[in-house]
Amino acid sequence: MRKAWIVAGAALAAGLSFVMLLVIGVYLVAGNLAGGMGGASKALAKGAVPAAYQELVQKWGNLCPAINPALLAAQLYQESGFNPNAKSPAAAQGIAQFIPGTWATHGIDGDGDGDRDVWDPKDAIPSAASYDCKLASYVKDVPGDATRNMLASYNAGAYAVIKYRGVPPYKETQNYVKTITSLQESFAAPVSRVDPSKQAAGAIYYAQKKLGTPYLWGGDGTAADGGRFDCSGLTKAAYESVGISLPRVANDQWNAGPHPDRDELLPGDLVFFSDDLNNSRAIRHVGIYVGGGYMIDAPRTGAVIRFDPIDTPDYFGATRVTEDGAKALPTTV
């Protein structure tokens with residue numbers, strides 16, 4: 001659990017007034033700015049994927065023009081949550097979730113050790129990129145965006161994309177294309193300032209009303225929980241209050257939008273903490289930034305929801321929650 005911090009009563013009262021001003025400001029700013037990024041960059045955001053896979057994803061994500069590292073990361077996260085031992089009921093295997101027949105045809109020896117092992121990310125991640133690029137080559141003459149056509153081919157098959165001259169009119173395929181293209185923004189390093197979401201002030205307002213509530217590990221704020229929360233239960237409930245559904249655990253909430261730098265933080269951003277500053281899957285704490293270097297969080301057993309400083313050695317980074325980013329997140333990872 002995070003180190004306990006003591007905030008004096010006078011500071012808390014001042015903080016409440018400060019947050020009320022911030023809430024008003026966020027509403028005014030958010031009403032005039034569009035949320036989200038203008039598109040995914042080639043570079044991965046710091047800590048966007050586990051450190052063991054960062055170099056692989058960055059390298060193989062540039063294999064062909066139809067993909068990029070952020071897109072490849074989004075696919076791996078959506079398929080397995082970066083779990084190299086994942087296995088689905090349909091017998092899909094490994095970090096990239098290849099079914100045996102597809103692996104037999106498209107698996108490659110990515111690390112050059114003489115074998116093709118679906119359970120080895122050093123083979124499976126290059127194979128995923130190679131397969132994406134192969135699909136892109138099949139539909140290269142189809143009108144429209146090459147990346148969207150590639151993703152549609154991954155889901156529905158290249159024949160359907162060729163037949164319909166683009167993304168076919170299948171709801172599942174259209175949702176898949178939208179999911180991956182939205183989720184990739186959560187893995188890409190921002191290329192410009194990331195604007196606030198319109199819901200940020202509402203999320204702060206919700207969390208503010210919970211100040212002083214005792215912490216409960218696993219708490220979601222339900223009647224059965226006595227209205228108590230843990231850290232990610234609070235952030236999830238705060239954003240649900242403004243119509244955005246987040247995953248339950250903190251390290252999945254990290255991918256709910258793009259990642260502003262420390263000097264770009266705005267009220268409503270989720271702020272994350274970890275003992276491993278190179279691995280987003282190791283994130284263990286989250287709060288809601290309110291400005292002035294402080295967040296509202298549910299810190300630990302025996303404490304209450306309160307204001308805490310964010311500038312600590314375990315500060316990992318931040319996420320500006322977007323509706324599309326949150327919708328793109330898998331709920332079973």
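The residue pairs whose first member lies in segment 84-111 and is open to solvent by 30 Å² or more (accessible area, probe 1.4 Å), whose second member is hydroxyl-bearing (Ser, Thr, Tyr), and whose beta carbons are closer than 6 Å, counting only pairs six or more residues apart or on different chains, are His106/Tyr131; Ile108/Ser127; Ile108/Ser130.
Within segment 194-209, if we keep just the residues that are in a loop (DSSP other than H, G, I, E, B) and buried (at least 21 other Cβ atoms within 10 Å of the Cβ), the residue that is modelled with the highest pLDDT turns out to be Gln199. Hey, any hits in segment 40-50 for a residue that's open to solvent by 10 Å² or more (accessible area, probe 1.4 Å), closer than 25 Å to Glu323 by Cα, out of contact with any Leu (no Cβ under 6 Å at 6 or more places or on another chain) and at pLDDT below 50? Yes, there is a match, as at least one residue in segment 40-50 is open to solvent by 10 Å² or more (accessible area, probe 1.4 Å), closer than 25 Å to Glu323 by Cα, out of contact with any Leu (no Cβ under 6 Å at 6 or more places or on another chain) and at pLDDT below 50. Just checking, which of Ser137, Ser127 is in a helix (DSSP H, G or I), open to solvent by less than 40 Å² (accessible area, probe 1.4 Å) and of a type in the set (S, T, N, Q)? Exactly one residue qualifies, and that residue is Ser127.
Contact map, segment 136-156: residues that are among the basic types (Lys, Arg) paired with residues that are part of a helix (DSSP H, G or I), Cβ distance under 6 Å, separation 6+ or inter-chain. Pairs shown: Arg148/Val177.
Here Ala160 meets each of (1) in a helix (DSSP H, G or I); (2) out of contact with any Pro (no Cβ under 8 Å at 6 or more places or on another chain); (3) without any contact (Cβ under 8 Å) to a residue 60 or more places away in the chain with one exception, condition (2).
Among the residues of segment 280-292, at least one is under 15 Å from the mean Cα position of the chain (by Cα), open to solvent by 30 Å² or more (accessible area, probe 1.4 Å) and under 26 Å from Gly212 (Cβ atoms). Taking the criterion of being modelled with pLDDT of 95 or more, outside any strand (DSSP E or B) and within 13 Å of Thr235 (Cα to Cα), the residues of segment 270-323 that qualify are Ala298, Pro299, Ile305.
Within segment 228-244, is even one residue of a type in the set (A, V, I, L, M), touching a Phe, Trp or Tyr at 6+ places or on another chain (Cβ under 6 Å) and either modelled with pLDDT of 95 or more or surrounded by fewer than 19 Cβ atoms within 10 Å (Cβ to Cβ) (or both)? Outline the logic, then answer.
Keep residues of segment 228-244 that are of a type in the set (A, V, I, L, M), which gives 234, 237-238, 242, 244.
When the remaining residues are screened for being touching a Phe, Trp or Tyr at 6+ places or on another chain (Cβ under 6 Å), the result is 238.
Checking which are either modelled with pLDDT of 95 or more or surrounded by fewer than 19 Cβ atoms within 10 Å (Cβ to Cβ) (or both) leaves us with 238.
For segment 228-244, residues of a type in the set (A, V, I, L, M), touching a Phe, Trp or Tyr at 6+ places or on another chain (Cβ under 6 Å) and either modelled with pLDDT of 95 or more or surrounded by fewer than 19 Cβ atoms within 10 Å (Cβ to Cβ) (or both): present.
How many residues does segment 55-75 contain that are in contact with a Pro (Cβ under 9 Å, 6 or more places away or on another chain) and in contact (Cβ under 8 Å) with a residue 40 or more places away in the chain? So the count comes out to 5. Somewhere in segment 257-271, is a residue farther than 29 Å from Val191 by Cβ and hydrophobic (A, V, I, L, M, F, W, C)? No, the conditions are met nowhere in segment 257-271.
Among the residues here, Gly114 does not qualify as part of a loop (DSSP other than H, G, I, E, B), small (Gly, Ala, Ser) and within 27 Å of the chain's Cα centre (by Cα). Assess whether Thr181 counts as being open to solvent by 20 Å² or more (accessible area, probe 1.4 Å) and either of a type in the set (A, V, I, L, M) or under 30 Å from Arg262 (Cβ atoms) (or both). Yes, satisfied. Do the conditions hold for Ala224, that is, is it over 27 Å from Ala51 (Cβ atoms), at pLDDT 95 or above and outside any loop (DSSP other than H, G, I, E, B)? Taking the combined requirement at face value, the residue does not satisfy it.
Across segment 293-333, what is the total count of residues that are exposed (fewer than 15 other Cβ atoms within 10 Å of the Cβ), in contact (Cβ under 8 Å) with a residue 40 or more places away in the chain and within 22 Å of Gln199 (Cα to Cα)? Result for segment 293-333: 1.
Going through Gly166, Gly212 one at a time, which residue ends up being open to solvent by 10 Å² or more (accessible area, probe 1.4 Å) and at positive phi?
Numbers: Gly166 fails: open to solvent by 10 Å² or more (accessible area, probe 1.4 Å).
Only one candidate qualifies: Gly212.
The values are calculated or read from the model by the stated rules, or taken from the named source; none is laboratory data. For clarity, every value in this text was computed on a predicted model and none was experimentally measured. Note that each Cβ is placed from the backbone with ideal geometry, even for glycine, and that neighbours are counted across all protein chains shown. Quick note on the areas: whole protein, heavy atoms, side chains included, nothing else; ligands and nucleic acids left out. Shrake-Rupley method; radii C 1.70, N 1.55, O 1.52, S 1.80 Å.
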